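The values are calculated or read from the model by the stated rules, or taken from the named source; none is laboratory data. Fair warning: this is a prediction, and the values are worked out from it, not measured in the lab. With ideal geometry, Cβ positions are generated from the backbone for all residues, glycine too; neighbour counts draw on all protein chains shown. The protein model used for the area step is the full one, side chains on, heavy atoms only, and it has no ligands, DNA or RNA in it. Shrake-Rupley method; radii C 1.70, N 1.55, O 1.52, S 1.80 Å.
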Amino acid sequence: MKILILQHIESETPGYIKDLMVADGFDLTTVELDVGEKIPENINQFDGMFCMGGPMDTHMIEEYPWIVEEKERIKEFVIDLEKPFLGFCLGCQFLGEVVGGEVVKSSPPEIGILNVDMNEKRNEDQLFSSYPKVIKALQWHSYEVVSLEDNENITLLASSPTTKYQIFKYKNHAYGIQLHIEIKSNTVSDWGCIPAYKNALEESLGPGALEKFEKIAKANMKDMNTYATILYNNFCKLM
């Protein structure tokens, strides 16, 4: 399998899912847009696309002009080619805009290891049908997708009290995942080194929040890795 990974900062990778892809011998092409790397011209060569998170926001096109092209290429892959796509956090928000939604500031930001409610539509979904009704997942975002209700090709699969579109899909091949299913043991400490992430964490949870966050994440890591494995195994069936 050939997978294209769009990254926006070195530390935000597909994490545990990447480990599974490497173990299975996938052919991975990683493009880190924040350092000037370019998306390959022929994206039809790839069986699937992952679009990861980052410290920037979707509207920051003056600071990060590559955002414009990235959204165009996501549109090509998802809408024109109808190929399998997973977007996490910022990648979820890019997908939301591509399919006609908006991205707005969350009130309040959603940061922590928090409950996400899977709805009944997930029972019929190719990726999430075996997920329990409630899962705990890492949240670390200040913006979210809204206004997808009028798109008949969108199915809402999971929400939280703060964020309606925690997981949604476009048709049956492209998924926006606002929460972080992909994390592994070093994720919180790595992200805690990013000033924008650390500041957002401490603003939400107070001084010393990083150490507490790491402890809670570690306690829930086994379950989150199980959810990531289910997602990965089912996503492979789409390709």
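What to note about this one:
Per-residue answers, yes or no, for (1) open to solvent by 30 Å² or more (accessible area, probe 1.4 Å); (2) in contact (Cβ under 8 Å) with a residue 12 or more places away in the chain; (3) in a helix (DSSP H, G or I):
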| residue | (1), (2), (3) |
| --- | --- |
| Glu12 | no, yes, no |
| Ile17 | no, yes, yes |
| Leu20 | yes, yes, yes |
| Thr30 | yes, yes, no |
| Met49 | no, yes, no |
| Gly54 | no, yes, no |
| Tyr64 | yes, yes, no |
| Glu69 | yes, yes, yes |
| Ile74 | no, yes, yes |
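- Given (1) at pLDDT 85 or above; (2) farther than 20 Å from Glu110 by Cβ; (3) open to solvent by 30 Å² or more (accessible area, probe 1.4 Å); (4) not aliphatic (A, V, I, L, M), index of the condition Cys193 fails: (1)
- Test for Asn123: is it among the polar types (S, T, N, Q) and without any contact (Cβ under 8 Å) to a residue 24 or more places away in the chain: yes
- Selection from segment 140-168 of residues that are over 17 Å from Phe94 (Cβ atoms), part of a strand (DSSP E or B), of a type outside the set (Gly, Ala, Ser) and open to solvent by 10 Å² or more (accessible area, probe 1.4 Å): Thr155, Leu156
- Options Lys171, Lys237, Lys184: the member that is touching a helix residue (DSSP H, G or I) at 6+ places or on another chain (Cβ under 9 Å), in contact (Cβ under 8 Å) with a residue 12 or more places away in the chain, over 20 Å from Val116 (Cα atoms) and open to solvent by 30 Å² or more (accessible area, probe 1.4 Å): Lys171
- Scope segment 187-239; condition closer than 20 Å to His141 by Cβ and not in a helix (DSSP H, G or I); matching residues: Gly192, Cys193, Ile194, Gly206
- Annotation note: Cβ proximity below 6 Å between a residue of segment 195-211 that is touching a residue at least 12 places away in the same chain (Cβ under 8 Å) and a residue that is small (Gly, Ala, Ser) (sequence gap 6+ or interchain) occurs for Lys198/Gly192; Leu201/Ala209; Leu210/Gly192.
- Set side by side, the residues Glu62, Glu10 differ, and just one is under 19 Å from Cys89 (Cα atoms) and among the charged types (D, E, K, R), which is Glu10.
- Qualifying residue in segment 79-88 (condition: touching a His at 6+ places or on another chain (Cβ under 7 Å), within 18 Å of Ser142 (Cα to Cα) and touching a residue at least 60 places away in the same chain (Cβ under 8 Å)): yes
- Among the candidates Ser107, Ser129, the residue that is open to solvent by 10 Å² or more (accessible area, probe 1.4 Å), modelled with pLDDT under 95 and over 15 Å from the mean Cα position of the chain (by Cα) is uniquely Ser107.
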